[in-house]
Amino acid sequence: MGDFPHYFDIILFAMVAAFLVLRLRSVLGRRTGNEPRPDPTLRRAEPPTGDKVVPLGNRGPVPAPLVTATPADAVAAGLERIRAADPNFDAGEFIGGARAAFEMIVAVFAGADKARLRPLLNDEVYEPFATAIDERIAAGETLETRILQLKSLDIVEAGLAGRTARVTIKFVSDQINVLRAHDGSIVDGDPEHPTEKTDFWSFTRDTGLSDPNWVLVATASG
């Protein structure tokens, strides 16, 4: 930070991290609201097996999200079931919170800042994100990500299983993702031409608990 003492940097970074956590809780956690390549992982970690977590990215075949063919009336019915379990749930407010979460997490992931990323994800989602960051750092590579336009956000799946509400959002965005080697040369991506990218993010919450926060439990790219 120039001529300022070193401890000021530490305090500033801590304040930024705290702001991100509080912002995410406020937009996703309040009870009244709720390609192709290049992509965020750009040939980094393979997705784990199983159906709980698919990390950001499109390395190899990514399981097709089950939400793509969900009829609109089924989504509406699912939202009604969630509202019956939590009368304070509001789909419009939820979409606004999901947008803030998407932009925040994508930026922090690209910045390879695991300390700031950790509070924003549950354990299962965090692990593959952290692995991709570690591999990128080990290779001496950096990732530049810019969301130029978030073209649409739509709820494509909603439902209630017992007390657990689950909502999946489809994000369509124009992004520039560039992976650079240690010398600044481009490994992948194009800094001049954006790519349209489709992402599906799923959030869950136990409606029987007083904690109003939704947890990101799965991501996939279409």
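Remarks
- Selection within region 159-212 - more than 30 Å from Ile137 (Cβ to Cβ) and part of a loop (DSSP other than H, G, I, E, B): Gly162, Arg163, Thr207, Gly208, Leu209, Ser210, Asp211, Pro212
- Test: residue in region 95-113 that is among the acidic types (Asp, Glu) and in a strand (DSSP E or B): no
- Residue list for region 180-200, filter: more than 30 Å from Pro87 (Cβ to Cβ) and crowded, with 20+ Cβ neighbours inside 10 Å: Gly189, Lys197
- Answer residue from region 129-171, given it is of a type in the set (Gly, Ala, Ser), out of contact with any helix residue (DSSP H, G or I) (no Cβ under 6 Å at 6 or more places or on another chain) and surrounded by 13 or more Cβ atoms within 10 Å (Cβ to Cβ) and is farthest from Ala74 (Cα to Cα) among those: Ala139
- Put simply, of Ala181, Ala158 the only residue that is within 20 Å of Phe109 (Cα to Cα) and touching a strand residue (DSSP E or B) at 6+ places or on another chain (Cβ under 8 Å) is Ala181.
- Meets criteria (surrounded by 18 or more Cβ atoms within 10 Å (Cβ to Cβ) and modelled with pLDDT under 95) for Phe203: yes
- Selected residue [at pLDDT below 95 and either touching a His at 6+ places or on another chain (Cβ under 6 Å) or not acidic (Asp, Glu) (or both)] from Leu160, Leu120: Leu120
The values are calculated or read from the model by the stated rules, or taken from the named source; none is laboratory data. The model shown is predicted, which means the values in this text are computed figures rather than measured ones. Glycine gets a Cβ as well: all are built from the backbone with ideal geometry, and neighbour counts include every protein chain shown.
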